[in-house]
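Q: Quick one: the structure is below, questions incoming.
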């Protein structure tokens, strides 16, 4: 049976000839509808008649959300661009179109790409378009960092249960300490319920930040240079992409576009730290309406794409119980994610006896997860940093919490912690 295909190729003189060639029986492809715009294409996809779509980069109002909705409808996508148009090729791939061919390709090759896309076969690796960082000497990113020979940085998602276990404090501290260890860092506020990174660092929360980056990603225009412009340069090796100014703007963070932002972040910085919201449940009402945004979709996208998921837990019995439940929920939603567990705010009192040992045993028994690091409670240092809108390293360099975050940053990045100088005897 021939593959049922939609086309949405606009502004091209070769469209009619191509459709005629594809309709030939020996190609195994039948064009069932020639769509005039995105709305027409999405309406056709919702009927369940077609299994693949052939579209051009010039299609009006084409964005990453359109490609994602086609995928949800079971319609695979193949893109066509004018021969030699690298910019259009890059844009389509950024929107999520894995297979992009020149319009003058042989019809049989185009038909084969449609059949492979519909079958779910992995797309061939795209041709390297070069690293734009080479043209950006002012970004503060080493041209050839030793810890990133492939040119792709690592993403660390800082996540954890509700109840203020200190996720944002840990995220800010990790990014800052990594930068101080010589690793270029980008801190992203991805909390869709109440991001506070801008406030913690004394930055203007009206800056474009992640919302603007996601908009550009959805339109296929985000690149490493534009992402660098949208992020605050807090220090030569430390950039910050601020979060949403209001929680009711969460629909702006489309999961597909958030994934594109992370891809560009990997090219901008050796380490990207994302401060995530705690909630990861899937709304049952929205799950039946694939066209509607999901509030927790951005968080799930970050957790799934991250190289390391850092689960931050509090150190009191209530926080530990929440952590056990949260880890169980994470396993149910993303079974392939193996979080690294960090216990924050460790102090005497809430847990009797040897608190780290008791906490480690409880989490191992009830959550089946070993604790990687314990961070001490240091209220005086944390309050001083919050009051000043600065990092712990700036206001309390010798605090126990700062040293713990420095050690954790070194562990995650592989960087060496500088030895502390001992005071001479006088």
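A short reminder: the numbers here are calculations on the coordinates, not readings from a lab. Keep in mind the model is a prediction, meaning the values are calculated, not measured. Neighbour counts are summed over all protein chains in view; Cβ atoms, including those assigned to glycine, are modelled from backbone coordinates with ideal geometry.
Q: I need 188, 75 ordered by Cβ neighbour count within 10 Å, fewest first.
A: Final ranking by Cβ density, sparse to dense: 75, 188.
Q: What is the list of residues in segment 304-318 whose amide nitrogen lies under 16 Å from a point 7 angstrom out from the Cα of residue 358, following Cα to Cβ?
A: Residues 314-318 fall inside that zone.
Q: Using only DSSP helix segments of four residues or longer, with each worth -39500 (n - 2.57), what per-residue ellipticity at 222 nm results for the chain after dividing by its residue count and rounding to 500?
A: Only helices count here, giving -11500 deg cm²/dmol.
Q: Take peptides 302-311, 394-403, 356-365 and line them up by average Cβ neighbours within 10 Å, highest first, as a rough protection proxy.
A: The most tightly packed comes first, giving 302-311, 394-403, 356-365.
Q: Between segment 355-391 and segment 196-226, how many Å separate their Cα centres?
A: After rounding, the separation between the Cα centres reads 29 Å.
Q: Express in nm, to one decimal, how much length is gained between residue 333 and residue 162 on full extension, taking 0.36 nm for each residue of separation and deducting their alpha carbon distance.
A: In short, 59.9 nm is gained.
Q: If you take every DSSP beta bridge fully contained in the chain, what fraction is antiparallel? Give it as a percent rounded to 5.
A: Here the antiparallel bridges make up roughly 5 percent for the chain.
Q: Which of 252, 329 comes first, and how do the rest follow, when ranked by fewest Cβ neighbours within 10 Å?
A: Ordered by Cβ neighbours within 10 Å, fewest first: 329, 252.
Q: Something else: Gaussian network model of the chain, Cα springs within a sub-10 Å range: biggest mean-square fluctuation belongs to which of 255, 107, 161?
A: 107
Q: Apply 1/(1 + (r/R0)^6) to the Cβ-Cβ distance of residue 119 and residue 304, taking R0 = 22 Å, and write down the FRET efficiency to the nearest 0.05.
A: Taking R0 as 22 Å, the efficiency between residue 119 and residue 304 is 0.40.
Q: Okay, next question. Shape call for the chain from the C-alpha gyration tensor, a ≥ b ≥ c root eigenvalues: rounded (a/c under 1.5), prolate (a/b greater than b/c) or oblate?
A: Verdict is prolate for the chain.
Q: Something else about it: Does anyone have the angle between helix 379-388 and the longest principal axis of the chain? Alpha-carbon axes, 0 to 90°, nearest 10?
A: Taking Cα atoms only, the helix is inclined about 60 degrees.
Q: Classify segment 3-119: rounded, prolate or oblate, from the alpha-carbon gyration tensor (a ≥ b ≥ c, eigenvalue square roots; a/c under 1.5 rounded; otherwise prolate if a/b is larger than b/c)?
A: Verdict is rounded for segment 3-119.
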